[in-house]
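Engineer: Dropping a structure here in C-alpha cells format, bear with me for questions.
FYI, it's all coordinate maths here, none of it is from the lab. These numbers were taken from a predicted model, which means no experiment stands behind them. Note that each Cβ is placed from the backbone with ideal geometry, even for glycine, and that neighbours are counted across all protein chains shown.
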Amino acid sequence: MNSDDSFPDLDFDDAPDGEAHDDEELDALFALVQRAFAEGDPSPSADDRGISYVRWLAPDADLGVMFEVELAGVRDDSDDSDDVEFVGVHVRVAASLSPYRIVGEVSPWTGGTVQLEHEHGTLDVDVDDDGSLYIASPPAGPLRLRVQSAAGELVTEWFAVSPGRSS
Amino acid sequence: MDGPFDAEFLELASRDDDAFAEIKRRFQKLVWASSYGFGFDRHTRDDVAQLVWLKLFQSLTSIRDPSRLAGWLATTTRRECIRVVKARARFTMVESFEDVSDPTTKELDAAIIKDDTVRLVAQALNSIDAECRQLLRLLSAEPALTYGEIAEMLKAAPGSIGPWRQRCLRKLAARPEIRAAIGGSLRLTKRSGE
C-alpha cells in the first residue's frame, strides 16, 4: 500500500498463473466476495449516531470532534505545536496548540463569545472580526473551547497543550 | 423514499433529523466500505464515518448534483482516511503507509463468518494484495459505486477498473483456499488450448 492516495500502474497482462476463467465463473466468485465483505466487515448497525449522537454527547452544544490537520500558514514548523480542527454541525474551530500559545480560527464567525474552560475555571477569549483568536500561556491540564455565536454553539473535545499529549 | 435523493430532500435533511437518518441508512454501508484498506481498527473507521456525516450535514444545501451523492460520500470518506494516515505519519515520522497501519488489524474478519465457503473466500481475500482487496471492497459497496466513481477514488483510469476487477478475481481464484473450497463448483479449470 502506498503512502499517497494513488495506486501504482497495474500490468493487466501479468496473469497470476496462466490460468483463465470465464466471466460467469468470476462473477460467481465475486458474489461470494460480496458476501465475505458483508459478513466479515459489517458496517456498524444502523443507529442514531451521527448528528444526533453529537448532540447527545453535548446536550447544551454540539460537540466539536477533533481531527489532526495541517493548517497552512498558521503552523510554525520550528515549534512543537499540534494542528487540530474541531468540527461541529454549524461551527468549526481550527487551532494550532502548543504549551506556549493557542492560535486558532472560528468559522463561520458572526460575533459572539469564546471561552477556554479548564480545571479551575473559565477564561474569556478575545476574537477579532475575522474569527481569529490567540491565547498566550494556556493553563496546563485538560482544556476545551466553548463557542457561542449566531451560527451555533460548539464545545470542543477536551485537549491538552502539554508536551506529549495524546492525540 | 426509494429513488435517488433530490435537492429538495437534501434541503429537508438539513433541518429534519428523520430525513437525515434516511440518507444515513441508505449510504451507511457505502461509507463503511470506503474506509476499508487503510489498516484502521473499527473505532477509527467509525470516527471517520462520523466526520463524513458531519461534513455531509454541513454540505446538504450546497451539493450541486444530488444524483452523485454516493460518489461524494465515498470520495469524502477516502479523503478523510488519507488525512488520518498523513496525520499519524506526521507524528510518528514514518515513510510509508504500511508503517502507519497496524498489520495485525484485520479489517475483514473471516472468523466471524458462519458459512464455511464464504469464510474461506474471506481468508483468501486476506491473502491477496492490498490493492486488489480494496478494489474488490469498493466494488462490493452498497449501493454500488460506478466504475467512474471508483476510478476517481483510486486515481485510476476509468477504463482500467473492469480489467483490474477481473485480474483480481483471477488472483483470488488461484488461491489454494478457493481451489479447495469451491474449485469444483466454479469449474476453475484451464481453458482448452491453454
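Engineer: Where does each of B:Ser35, B:Ser14, A:Ser137 land when they are ranked from fewest to most other beta-carbon atoms within 10 angstrom?
Structural biologist: A:Ser137, B:Ser14, B:Ser35
Engineer: Out of the trypsin sites (Lys or Arg not before Pro) in region B:1-92, which ones are loop residues according to DSSP with at most 16 other C-beta atoms within 10 Å? Don't skip to the end; give the middle numbers.
Structural biologist: On the way: sites: B:Arg15, B:Lys24, B:Arg25, B:Arg26, B:Lys29, B:Arg42, B:Arg45, B:Lys55, B:Arg64, B:Arg68, B:Arg78, B:Arg79, B:Arg83, B:Lys86, B:Arg88, B:Arg90; in loops: B:Arg15, B:Arg64.
Here the sparse-neighbourhood loop sites are B:Arg15, B:Arg64.
Engineer: Rounded to the nearest Å, what's the spacing between the alpha carbon centres of region B:163-180 and region A:90-132? Just the number, please.
Structural biologist: First find each Cα centre; the distance between them is then 54 Å.
Engineer: Please compute the average number of Cβ atoms from other chains found within 10 Å of each residue's Cβ in peptide B:54-67.
Structural biologist: 2
Engineer: With no solvent and one point on each alpha carbon, what is the Debye value of log10 I(q)/I(0) for region B:98-182 at q = 0.18, 0.20 Å⁻¹?
Structural biologist: Each listed q maps to, in turn, -0.87, -1.02.
Engineer: Take peptide A:22-29, look around each residue's Cβ out to 10 angstrom, count Cβ atoms belonging to other protein chains, and average those counts. Write down the numbers at each step before the final one.
Structural biologist: Working: counts 2, 2, 2, 9, 10, 2, 6, 10.
Average neighbour count from other chains, rounded to a whole number: 5.
Engineer: On a 26 Å Cα-Cα criterion, which of the cross-link pairs B:Lys86/B:Lys171; B:Lys29/B:Lys86; B:Lys86/B:Lys155; B:Lys55/B:Lys155; B:Lys114/B:Lys171; B:Lys86/B:Lys106 come out too long?
Structural biologist: Check vs 26 Å cut-off fails for B:Lys86/B:Lys171.
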